[in-house]
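This report concerns only the one structure given below.
The values are calculated or read from the model by the stated rules, or taken from the named source; none is laboratory data. Here the structure is a predicted model, which is why all the values come from computation and not from measurement. FYI the Cβ positions are ideal-geometry reconstructions off the backbone, even for glycines, and counts take in every protein chain you see. SASA here: full protein model, heavy atoms, side chains in, ligands and nucleic acids out. Shrake-Rupley method; radii C 1.70, N 1.55, O 1.52, S 1.80 Å.
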Amino acid sequence: MIFDESNRGGANLADTHRLTQAVEAAQRGEAHGWTALFERFYPDVHAYALARLGDLTAAEDVTQDVFVAAVTSIKTLRDRREPAVQAWFLHICRYKVVDHIRRGSRQRGLALDTTHPGVDPGAIAEVNLEADRVRAAMAHLTEDQRDILIRRFVLDQSLEDVAATTRRTVGAVKSMQHRALEAVRRALSPKRAA
Amino acid sequence: MTDWIEPQLSASLDAWRLSSRRTPRRHAVERAHDAMLEAVLVESRRPHARRFLSFSFRPRFRHAGLIATTATIVAAASVAAAGWNAAPGSALFVVRAARQGVMLKLPGADDIALHLEFAEQSLADATGHVNPAQSLADATTELHAAFTELSVDPSSPLWPRYKLDAATLLSEEGDVESERPSPAPTGETPGPTGDDSPSSSASERGDDETARPTAGHDSAPSPTGSWSGGNDGGGSDDGGSPSPGQTPHPDD
């Protein structure tokens, strides 16, 4: 399966208490705590990076950088609830993505995975091309607008969750989302017409 | 989603979502996991000697924060040190006044002794010709405060010290008066007994008291002639404010 909808973590650390224990163990430098956090949040971080970069290899590199950077800064993490921990990882990821884009260290590529039997490579290519058009349209957005679109449409976070983790009001998030979508729609329209 | 999104845009967003949710490759996941555990190992070996300086600044601002904090502490300490015994009239005199105010407010502080100490500092300033007028005014205020508190305790061992300071004050005031340029002649020469101005009487009394700082009851050195001379006519206090002349004397 190429697009694994179920692989978004959460099953291992659904229990809040277990997540708290994992964060505390990670803060003590214990490997099992880090492994638990890795299993829970790697898919989200990877999806965030891929949504921005569109390059599978680059997204994997950035995701790796995020977890390495998290090791040195986890002592600053005070809130051990799941949304806060997820927001903390995504916050690191956001800056790592920006760093990656600034460095321009890797040319973007589609990195098509066509090894899965039963899946039409043409359909995959079409989906990826459309996704690339969206990513190109998102170049017109601000960093905050991109961040909100990824949280809402890729990570499926609710308006309330996005508001809480980005320290905004629900109304502000809604307004930013509306403006961002409008900008994406405008950017996509001429291309479609062409 | 709470807003309606037109179908074409919705289809594009779905494609973006599907594309972004691709499963990461197994070898990349394992590589990231290994790199993370390696970082955990390195982090655990790192000494934590600087833990006491673990400010919550972001790394990029940590040095700036440290520098700013250190500079603030050094600046505050410098101002406090410079103003600790600042001369009256100087810009940093407020520091000295604040320091004296704090010392008086500290629990368990001996207010009388402190007022006398502050008066003696002001008298020393006046003796050293450091803003004599202001110094004498400060000494007067402190002695007045000391007297107010002393008056409720006739047996206080601080009375002799107070008397000595009061005598010094009168002496210094006399010196200041004598150093003042005489007013322009107006044709009238004030008689020696006709001039009842507070400064004149204070000066005369000061000269007298300086010679005998621990004189007897009637001639006990009193700051009344100096501080209340200008306010209520010297020793002729109407009883509204305490005056050494009305105070029960320790020797009584």
### For residue A:75: the one exception among (1) under 20 Å from residue A:20 (Cα atoms); (2) touching a residue at least 60 places away in the same chain (Cβ under 8 Å); (3) among the charged types (D, E, K, R)
(2)
### Pick from region B:132-160, criterion of a type in the set (A, V, I, L, M) and surrounded by 19 or more Cβ atoms within 10 Å (Cβ to Cβ), ranking: modelled with the lowest pLDDT
B:150
### Message
Return the residues of region A:43-57 that are surrounded by 21 or more Cβ atoms within 10 Å (Cβ to Cβ) and at the interface with another protein chain (Cβ under 9 Å from one of its Cβ atoms); say none if nothing qualifies.
### Response
A:43, A:46, A:47, A:48, A:49, A:50, A:51, A:52, A:54, A:56
### Query
Got a number for residues in region A:68-88 being more than 13 Å from the chain's Cα centre (by Cα) and open to solvent by less than 30 Å² (accessible area, probe 1.4 Å)?
7
### Task
Kindly provide the set of residues from region A:1-33 that are of a type in the set (A, V, I, L, M) and either at pLDDT below 75 or open to solvent by 40 Å² or more (accessible area, probe 1.4 Å) (or both), ordered by number.
A:1, A:2, A:11, A:13, A:14, A:31
### Query
Looking at region A:134-159, which of its residues are within 11 Å of chain B (Cβ to nearest Cβ) and free of Cβ contacts under 8 Å to residues at least 24 places away in the same chain?
A:153, A:156, A:158, A:159
### Query
Is it true that residue A:120 is at pLDDT 90 or above and either away from chain B (no Cβ under 12 Å) or open to solvent by less than 30 Å² (accessible area, probe 1.4 Å) (or both)?
no
### Task
Return yes or no: is residue B:50 part of a helix (DSSP H, G or I), at pLDDT 90 or above and among the basic types (Lys, Arg)?
no
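Could you please let me know if residue A:40 is outside any loop (DSSP other than H, G, I, E, B) and either at pLDDT 90 or above or facing chain B (nearest Cβ under 9 Å) (or both)? Please lay out each step first, then the result.
Numbers: outside any loop (DSSP other than H, G, I, E, B): yes; either at pLDDT 90 or above or facing chain B (nearest Cβ under 9 Å) (or both): yes.
The answer is yes for residue A:40.
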### Message
Would you confirm, using the coordinates I've provided, whether residue A:133 is of a type in the set (Lys, Arg) and either closer than 15 Å to residue B:17 by Cα or at pLDDT below 90 (or both)?
### Response
yes
### Task
State which residue pairs qualify: first residue of a type in the set (Lys, Arg) and inside region B:154-166, second residue open to solvent by 80 Å² or more (accessible area, probe 1.4 Å) and at pLDDT below 90 in any location, beta carbons under 7 Å apart, and separation of 6 or more residues or different chains.
B:163/B:214
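Taking region B:104-131 as the region of interest, how many residues are over 20 Å from residue B:166 (Cα atoms) and open to solvent by 50 Å² or more (accessible area, probe 1.4 Å)?
Just the residues of region B:104-131 that are over 20 Å from residue B:166 (Cα atoms), to begin with: B:104-109.
Subset that is open to solvent by 50 Å² or more (accessible area, probe 1.4 Å): B:105-108.
Matching residues across region B:104-131 total 4.
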